[in-house]
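Data block below; observations after.
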Amino acid sequence: MIRQLLQFVGYFLAIGALGFRFGIVRRIRGMTDDARVILRGDNAAILGVLGSFLLVLSLLGGPYIDSVRRKIAISEVLPPNFGPFEFKLAMIALALVGFAVVHTIPSLGWILAAIGTLFSVLQPVYTSKFAGKVNAVHILAASTWLGTLVVLTLVGIRAVIRTRSAGTQRSQLVADLVNSFSPLALISATIVAITGITTAWLHLKRFSSLWTTSYGIALDIKLVFVIMVVVLGAWNWRRVRPSLGNEGSEEAIRRSATMELTFAALVLIATSVLVALPSPK
């Protein structure tokens, strides 16, 4: 469960940093020099470094602890099919290097980070069966949606609020950030819904498993948290987003986004428990 949680958080941060860089910042037109300084990629890349480190930890932490406990070499507890494991580790290392060099060579750093992260998360698409392929796309879409929201809130909105620019300028920049994020969020959330339903059906096998098995009950709890995230996201889109651009509106979106991320964290925890449970027979 801990290993899965580390992996999910790692992908949220790494893919979220990429989503913020390529899906939000690059879509804002006519940015001022002050806005470019506020939204420089260094801070997002730091979260990417942290995410990549958590991915390495999730991949090697379990085998290392097992080797120490059993007093054997770590090579003896690594997966027998070492090729895919080695490839994934190499891609995560590439992403880690990419995020780390963003400060000195931004273009190269972001490209390396994107290649390493995407090849890592999508590895099951070309190595696993259908369920694994669907799950990989599900993780990518969820991380693009909520992971980007994490980075947007921590790096984008927070940085804008803390700047000394005039209130109206801050409000307009936050409005530009959120408006750039909205299409990415809608597309990603749609993919999450499709792949989530598909994955649930593949694992449940029958509808009654939702209330007759531990897996189904854990899925029910996760769905409650997911619904809360969707409701809060819809509220932000329909009620909060139209008010952006007015002075003081940036604080409102920060509070509502933080609430949405709170339930997203609960979704991650519930998912970590869920994947540790056996599928219904």
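Put simply, of Ala142, Ala200, Ala189 the only residue that is modelled with pLDDT under 90 and either more than 22 Å from Phe20 (Cβ to Cβ) or assigned to a helix (DSSP H, G or I) (or both) is Ala200. Only a single item in (1) farther than 25 Å from Gly16 by Cα; (2) in a helix (DSSP H, G or I); (3) free of Cβ contacts under 8 Å to residues at least 60 places away in the same chain is not met by Phe207, and it is number (2). Would you confirm whether any residue within region 205-219 is at pLDDT 90 or above, within 29 Å of Asn135 (Cβ to Cβ) and of a type in the set (Ser, Thr, Tyr)? No, the conditions are met nowhere in region 205-219. Would you confirm whether any residue within region 61-73 is buried (at least 16 other Cβ atoms within 10 Å of the Cβ) and modelled with pLDDT of 95 or more? Within region 61-73, none of the residues are buried (at least 16 other Cβ atoms within 10 Å of the Cβ) and modelled with pLDDT of 95 or more.
Among the residues of region 263-281, those identified as assigned to a helix (DSSP H, G or I) and open to solvent by less than 70 Å² (accessible area, probe 1.4 Å) are Phe263, Ala264, Ala265, Leu266, Val267, Leu268, Ala270, Thr271, Ser272, Val273, Leu274, Ala276. Taking region 241-251 as the range and being surrounded by fewer than 18 Cβ atoms within 10 Å (Cβ to Cβ), in a helix (DSSP H, G or I) and not hydroxyl-bearing (Ser, Thr, Tyr) as the test, the residues that pass are Pro242, Glu251.
Looking across region 95-139, the residues that are part of a helix (DSSP H, G or I), under 19 Å from Asn43 (Cα atoms) and open to solvent by 50 Å² or more (accessible area, probe 1.4 Å) come down to Leu96, Val97, Ala100, Pro106, Ser107, Leu108, Ile111.
The values are calculated or read from the model by the stated rules, or taken from the named source; none is laboratory data. In this text the structure is predicted, and so the values were computed from the model without any measurement. Heads up, the Cβs are rebuilt from the backbone with ideal geometry, glycines too, and the neighbour counts pull from every protein chain shown. Just so you know, the surface numbers come from the protein's heavy atoms only, side chains and all, with ligands and any DNA or RNA stripped out. Shrake-Rupley method; radii C 1.70, N 1.55, O 1.52, S 1.80 Å.
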